[in-house]
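The values are calculated or read from the model by the stated rules, or taken from the named source; none is laboratory data. Everything quoted here is computed from the prediction, not taken from an experiment. No Cβ is skipped: glycine too gets one built from the backbone with ideal geometry, and neighbour counts run over all protein chains shown. Each accessible area value is taken on the protein alone, full model and side chains, heavy atoms only, with ligands, DNA and RNA left out. Shrake-Rupley method; radii C 1.70, N 1.55, O 1.52, S 1.80 Å.
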Amino acid sequence: MTDSLTTTNLDGILPLIARGKVRDIYQVDPETLLFVATDRISAYDVIMENGIPNKGKILTKLSEFWFRFLKDSIPNHLILDSCDDESLFAKLPKELSNEKYKSQLSGRALLVRKLKLIPLEVIVRGYITGSAWKEYKKTKTVHGLKVDQELIESQEFTTPIFTPSTKAEQGEHDENISPEQAAEIVGQELCDNLAAKAIELYSKAKEYAKTRGIIIADTKFEFGLDENDNIVLVDEVLTPDSSRFWNAKTFELGKSQDSYDKQFLRDWLTSNGLAGKDGVKMDEEIAIKSKEKYIEAYECLTGEKWVD
């Protein structure tokens, strides 16, 4: 396998604003940020010591696909419609065209508008699985919400539900919260608008994905506000990092499903007693299989062949 890019270093040519679980964020000017998707991968809110080669490029291209797909439903933060090198580097300092930096940015960087980030993970669930299924088995609730139907594992909800979580800093854990708690953080009106918009976007993407043989069980959106307080779609969109993808051909109600997402890595961590532990390095076989899953999801959803 080729080496993975787990961190970027632009030698101060652009100031580094933050390092997230996957993205390194640089400031280009007061209104513009550079998002660089590395090959880092996290599970159970812990970043692995090694990455998955070209994962950041796959996430970037898939996010671009979904931003275009959803652009008639919501504005997004992209300045450029595509991250092709010619368009990208024309808007960056000339020094970054040096191969040392170009190799870090090519195919994995997005120029985006700097917005006021809304401090919520806006999660929409269309099927009951994962932590929601665990909670439902105990209390018949999901994120504290009573569910008005009897469910079995992996069953589709009658209507997708908004189940937010807090947005944790790197090294900290996201916390599932109720919509009422989310409203206390951002205000009732904005919370209601976020929930409605997220469910609309999820539903549109879910129906499209079904035509490509993929079930989107749930997903996480992030939003910002522009200078007029309009809601804008930001960060990444409907990738294997932010969503749970199932193969429609192998779907079987009443059991857990094989996923295209990080569930493969989570299962390996759990079976080896490594879930939630720091300093874990994936076996190369796990990294290879994880990459294959990311590529398979990309190709199924976009209809395009992935080329490293």
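Largest first and in whole Å, the equivalent-ellipsoid semi-axes of region 181-308 read 29, 20, 15, each the square root of five times a Cα gyration tensor eigenvalue. Our coupling estimate for region 195-205, obtained by passing each phi through the Karplus curve with A = 6.51, B = -1.76, C = 1.60 and θ = phi - 60°, is 4, 5, 5, 4, 5, 4, 5, 4, 4, 5, 5 Hz, Gly and Pro reported as x. Largest accessible area first, the residues C300, C191 order themselves as C300, C191 under a 1.4 Å probe with ligands, DNA and RNA left out. I'm spelling it out carefully: the read-out is Kirkwood radius over Cα pairs in Å, the candidates are (i) 20.1; (ii) 21.1; (iii) 22.1, and one was derived from this structure. Which label? After the calculation, the listed value that fits is (i).
Estimated from helical segments only, the mean residue ellipticity of the chain at 222 nm is -10000 deg cm²/dmol, where each DSSP H run of four or more residues counts as -39500 (n - 2.57). Taking Lys and Arg as +1 and Asp and Glu as -1, the other residues whose beta-carbon sits under 14 Å from that of Y208 total +3. Note on the chain: with a GNM built from Cα contacts shorter than 10 Å, the maximum mean-square fluctuation among T32, T159, T60 falls on T159.
Roughly speaking, to the nearest percent, how much of region 126-186's 1.4 Å accessible area is carbon and sulfur? Carbon and sulfur atoms account for 46 percent of the accessible area of region 126-186. The separation of region 14-43 from region 200-222, counted between C-alpha centres, amounts to 26 Å.
Across region 256-270, rounded Karplus estimates of 3J(HN,Hα) from the backbone phi angles (6.51 cos²θ - 1.76 cosθ + 1.60, θ = phi - 60°) give 6, 10, 5, 10, 8, 9, 6, 4, 4, 5, 4, 4, 5, 4, 5 Hz, Gly and Pro being marked x. The loop-placed trypsin sites (Lys or Arg not before Pro) in region 51-99, going by DSSP, that have at most 15 neighbouring Cβ atoms within 10 Å of their Cβ come out as K71, K91.
Could you state the number of Å between the C-alpha centres of region 50-128 and region 226-271? That distance is 18 Å.
Karplus-based coupling profile of region 214-228, in residue order and whole Hz: 10, 9, 8, 6, 7, 7, 10, 10, 10, 10, x, 10, 7, 5, 9, with θ = phi - 60° in 6.51 cos²θ - 1.76 cosθ + 1.60 and x standing for Gly or Pro. The H on the amide N of I17, modeled in the peptide plane, is under 5 Å from the matching H of I25, Y26, Q27, each at least 5 residues off or on a different chain. Could you size up the charge dipole of region 194-308 around its Cα centre, putting +1 on the beta carbon of Lys and Arg and -1 on that of Asp and Glu, and report it in debye to the nearest 20? Here region 194-308 has a charge dipole of around 520 debye.
Taking amide hydrogens as placed 1.01 Å from N in the peptide plane, the amide H of K114 sits under 5 Å from those of T32, L33, each at least 5 positions away in sequence or on another chain. For region 191-231, GluC sites (Glu not before Pro) are listed when DSSP marks them as loop and at most 14 other Cβ atoms sit within 10 Å of their Cβ; the list is E227. When I231, I177 are compared by accessible surface with a 1.4 Å probe, the order from highest to lowest is I231, I177. Loop-located GluC sites (Glu not before Pro) in region 112-198 (DSSP state not H, G, I, E or B) with no more than 13 neighbouring Cβ atoms inside 10 Å: E150, E169, E172, E175.
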